[in-house]
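Right, one structure below, let's go through it.
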Amino acid sequence: MGHRGGAGQRAHPVSIIGWRPVEAGRSGGVTLPGTAAGTAGAALMAALTWGMLGSPALAWGALVGGVSGMLLDSLIGAAWQGRWRCHRCGRAVERPRPHLQTCAGPLRLEGGRPWLDNDGVNALSSVAAGLVAVAATLLAGAA
Ligand SMILES: [Zn+2]
């Protein structure tokens, strides 16, 4: 009766692509509390924008940009960020460098693009979210 999992696993990250569980420490995972917090933050920014500038179009742009930035970061991370694994200790590694002071085992690329690390993902998603925010603002203003 009932489903396994549930309350205790609610914060376990799942991949934004396919909703499969994501190993802790991997990029591209989303959690329900994390997504809710990110959405609340974007809504707060939108409310402040509306309050200070009196522009619903700008507030809409802030909301859409904030939420899409969060989702794009997970999406791009899940799809393209380089993923390595240490051959010696089996640990998941996000950068092609020695991951521990105590372990400099050989790394093996498991997926993603080797030239795209977490910083690159952040930069890409920020630029993309900025464009989305501008587009949303213009569309809302034109309506
Ligand atoms: Zn290792």
- Note on the structure: Given unit charges at Cβ for Lys, Arg (+) and Asp, Glu (-), the dipole magnitude of the chain about its Cα centre in debye, nearest 20, is 620
- Message: Taking amide H atoms as placed 1.01 Å from N in the peptide plane, list the residues 5 or more away in sequence, or in a different chain, whose amide H sits under 5 Å from that of GLN81.
- Response: ARG113
- Query: Rg(Cα) of segment 62-117 divided by 2.2 N^0.38 Å?
  - Reply: 1.41
- Given the convex hull of the Cα atoms of segment 79-143, what is a quarter of its surface area in nm²? 5.3
- Message: Please report the equivalent ellipsoid semi-axes of the chain, computed as sqrt(5 x eigenvalue) of the Cα gyration tensor, largest first, in whole Å.
- Response: 35, 20, 12
- Taking the simple approach of a point 7 Å from Cα along Cα-to-Cβ for both THR39 and ARG113, what is their distance in nm? 3.0
- Note on the structure: segment 47-81 and segment 84-134 have their Cα centres apart by a whole-number Å value of 24
- Item | Hypothetical label at ALA104: residues of segment 77-93 whose amide nitrogen lies under 17 Å (7 Å Cα-Cβ projection) | 86-89
- Note on the structure: Assertion target for MET45, MET52, MET70, ordered by fewest C-beta neighbours within 10 angstrom first, is MET52, MET45, MET70
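We did not get these values from a lab; they are worked out from the coordinates using the rules stated. Nothing here was measured: the structure is a model prediction, and the numbers come from that model. Note that each Cβ is placed from the backbone with ideal geometry, even for glycine, and that neighbours are counted across all protein chains shown.
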